Amino acid sequence: MIGWNEGVTNAISYIEENLDKELDIKDIADKAYVSAFYFQKIFHVLCEFTVGEYIRNRRLTLAAEKLASTDARVIDVALKYGYDAPDSFGRGF
């Protein structure tokens, strides 16, 4: 049987590998071999924030790094990380 920490670690690895794609909580939970509902509870207890907050923060961090280190346009970076418009992307910061 897989432990909580290992399951969450597997799920986080999956999230990290797919931050530039649309992520579904069921697919993420499958990596931890638990239901979506249970995974969200476990994740919050272990990490002290929600799965959605984790994904949003990681995407914003990667986007900020890309903007700081390249000449990429804001709209292109925003779209890559799942934001439909620069204004919604800007609010994230």
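Values quoted throughout were computed directly from the atomic coordinates according to the rules given, and no laboratory measurement underlies them. Just so it is clear, the structure is predicted and the values come from calculations on it, not from any experiment. All Cβ positions, even for glycine, are placed from backbone atoms using ideal geometry, and neighbour counts span all protein chains on display.
Each Lys and Arg adds +1 at its Cβ and each Asp and Glu adds -1 at its Cβ; summed about the Cα centre, the chain shows a dipole of about 140 debye. As a length-normalised measure over Cα pairs under 8 Å and 6 or more apart, the relative contact order of the chain settles at 24 percent.
From the helices alone, meaning DSSP H stretches of at least four residues, give me the mean residue ellipticity at 222 nm for the chain, per-run term -39500 (n - 2.57), in deg cm²/dmol to the nearest 500. Using -39500 (n - 2.57) per qualifying helix, the result is -21500 deg cm²/dmol.
Compute the helix-to-body angle for 4-17: its Cα long axis versus the longest principal axis of the chain, expressed 0 to 90° and rounded to tens. Relative to the chain, helix 4-17 is tipped by roughly 30 degrees.
Counted by Cβ distance under 14 Å from residue 36, the other residues give a net charge of 0, where Lys and Arg count +1 and Asp and Glu count -1. Toward the positive end of the charge dipole of the range 4-92, with +1 on the Cβ of Lys and Arg and -1 on the Cβ of Asp and Glu, the farthest Cα among 89, 10, 62 is that of 89.
Read through the labelled values (i) 15.4; (ii) 15.9; (iii) 14.0 and report the label of the one computed as Kirkwood radius over Cα pairs in Å from the structure. It is the value labelled (iii). Helix 51-69 axis versus longest C-alpha principal axis of the chain: approximately 30°, rounded to the nearest ten.
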